[in-house]
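Worksheet: one structure, shown below.
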Amino acid sequence: MLDIRFVRENADTVKAAMVNRNADVDIDAVLAFDRRRRATISEVDELKAERNTISKSIGLMIKEGKDPEAIKAQMREMGEKIAAMDEELREVDAKLREALLYIPNLPAETTPVGQDETDNPVVRSWGEKVELDFEPKPHWDLGEALKLFDLERGAKIAGSGFPLFTGKGARLERALIQFMLDLHTEEHGYTELATPFMCNETAMTGTGQLPKFAEDMYSVPLDGLYPIPTAEVPITNMYGNEILGQELPILHTAYTPCFRREAGSAGKDTRGLQRVHQFDKVEMVKFTTPETSAEEHEKLTLDAERVLQKLGLHYRVIELCTGDLGFSAAKCYDIELWTSAQDKWLEVSSCSNFSDYQARRANIRYRNEDGKATFVHTINGSGVALPRLVIAIMENNQNADGSIDLPEVLWPYMGGLEKLT
RNA sequence: GGAGAGGUGUCUGAGUGGUUUAAAGAGCACGCUUGGAAAGCGUGUGUGUGCUUAACGGUAUACCGAGGGUUCGAAUCCCUCCCUCUCCGCCA
């Protein structure tokens with residue numbers, strides 16, 4: 001959520017930023033709510049001040065044995081007026097908040113301006129494309145042949161997009177999760193968490209999934225819960241409504257499954273594991289001061305890249321331009337893996353700096369050097385998401401006989417297994 | 001799911017309708033004291049919002065788990081909900 005004072009004082013900047021984002025929001029409507037809200041507060045506070053004074057004098061009158069009935073009758077009227085104005089204030093307050101919740105974050109100054117994904121610059125790349133001297137098979141063929149997963153039976157029990165991993169495929173999921181968690185906790189300084197896999201509406205609003213993206217979320221209406229689309233939700237919101245007493249930055253990592261309805265993307269890249277409703281992911285989340293967030297964002301991105309380097313996978317980092325930037329993010333790098341069999345790039349990580357946007361929504365603060373309660377900056381990124389990672393390993397490491405070589409760092413996690421046959 | 005007990009500031013903890021403007025203590029910060037420290041003494045010590053200020057700040061209002069209600073006036077009384085603890089039930 002944007003700071004209403006900032007919006008008030010920099011309306012033109014905000015409007016220009018929204019144009020760069022292709023965001024259709026009515027800033028003037030927000031400003032009108034803001035004006036009405038402040039006028040109402042001034043008025044009702046004055047009345048309340050008067051009521052407090054007179055109420056106290058009534059107390060004194062009773063003590064002195066005087067009859068306060070005449071004044072009380074008068075005060076009843078004032079009470080009704082205050083109640084009416086409080087109600088009006090509640091309404092305009094709710095409208096203002098609702099409007100603000102639908103306004104996306106301001107892009108960082110360093111975020112490149114652009115229309116859509118074709119304007120996203122490539123920041124860097126690592127490794128080289130794998131050249132195979134035979135006709136490579138897509139992962140869905142390899143996986144069925146090696147019995148790594150059984151997508152038909154997954155569909156039978158839950159629906160398409162709910163993959164069922166079997167045997168070595170299931171073990172590969174577990175091995176990758178553990179490898180990544182070990183890397184982030186032992187070498188990158190993150191503290192591991194095991195979080196709830198469902199969150200309430202407040203948490204989903206805190207990180208920006210609600211209210212605007214309700215249709216992307218699964219929900220359990222009977223209990224008011226939502227299966228998490230990313231560990232970002234429980235991890236970020238665990239500090240909601242707190243003034244953090246500990247040193248910043250705070251670094252957390254967690255494995256969770258992620259649940260996404262993928263509404264509106266039906267039929268797009270859905271073959272095999274490319275786009276699924278449930279997938280495993282190791283996430284990284286940081287809470288930083290405003291001064292260090294840019295630097296910590298770069299470091300977090302490198303932490304994600306390190307996973308891919310250790311696995312020996314060719315990747316590139318692109319930066320999202322203003323037109324392609326996620327709703328809550330100020331700046332974002334996507335990491336994409338190359339797959340030779342399909343001759344294309346697959347997004348496996350999205351590393352974003354949210355500045356104080358989520359912190360303001362979730363009300364997460366710390367004490368700055370002056371001792372003043374200040375909103376933290378939140379940063380998070382996948383480190384990394386599994387299905388497309390598995391795709392890249394399978395498709396790039398395949399042999400002519402249909403077997404798949406496992407990256408050396410995974411051998412210990414696979415019980416010594418070096419090859420999927 | 002049932003019964004009971006609770007939820008007050010950084011912490012402990014008092015407070016059952018009106019100088020509570022949330023007592024007191026601890027902690028913390030600053031000052032005095034000291035050769036230095038401790039002790040002692042003194043002062044200060046939350047958050048949101050509105051108005052105001054160049055700024056320090058000032059001022060008003062709200063906040064005692066959350067949301068409603070009663071009342072001239074609510075931490076205090078009433079209603080709904082949430083959470084924690086104990087016991088029972090169910091259960092991996």
For chain A the mean separation of alpha carbon contacts under 8 Å (6+ apart) over residue count, i.e. relative contact order in percent, is 20 percent
Mean-square fluctuation maximum in Gaussian network of chain A, Cα pairs under 10 Å, restricted to A:248, A:60, A:320, hits A:60
The size of the Cβ-based charge dipole (Lys, Arg +1; Asp, Glu -1) of chain A about the Cα centre, to the nearest 20 debye, is 1020 debye
Any DSSP H helix in chain A with Cα axial reach of 18 Å or more and mean Kyte-Doolittle score of at least -1.0? Listed by number, the hits are A:27-63, A:69-101, A:167-186
Connecting every pair of Cα atoms under 10 Å apart in chain A and solving the GNM, the largest mean-square fluctuation among A:328, A:352, A:340 falls on A:340
Surpassing 22 Å at the alpha-carbon level, of the pairs A:95/A:212; A:147/A:419; A:137/A:344; A:147/A:310; A:129/A:331; A:129/A:310, are A:147/A:310; A:129/A:331
Scoring only Lys, Arg, Asp and Glu (+1, +1, -1, -1) among other residues with Cβ under 13 Å from the Cβ of residue A:241 yields +2
Region A:60-80 and region A:385-420 have their Cα centres apart by a whole-number Å value of 82 Å
Relative to the compact-globule estimate 2.2 N^0.38 Å (N residues), the Cα gyration radius of region A:233-391 stands at a ratio of 1.11
Heavy-atom accessible area of residue A:376, protein chains in place, probe 1.4 angstrom, given in Å² to nearest 10, is 0 Å²
For residue A:56, counting only lysines whose alpha-carbon sits under 16 Å away and dropping same-chain residues fewer than eight positions off, the answer is A:48, A:66, A:72
Relative contact order of region A:1-108 (C-alpha contacts under 8 Å, at least 6 apart) in percent is 51 percent
Sorted largest first, the Cα spans of chain A on the principal axes come out in Å as 101, 42, 42
What the Cα atoms of region A:285-326 span along the principal axes, largest first and in whole Å, is 34, 25, 14
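The values are calculated or read from the model by the stated rules, or taken from the named source; none is laboratory data. Note that this is a predicted model, so its numbers are computed, not measured. Counting neighbours? That spans all protein chains shown, and the Cβs are built from the backbone with ideal geometry, glycine included. With ligands, DNA and RNA removed, areas are computed over all heavy atoms of the protein, side chains included. Shrake-Rupley method; radii C 1.70, N 1.55, O 1.52, S 1.80 Å.
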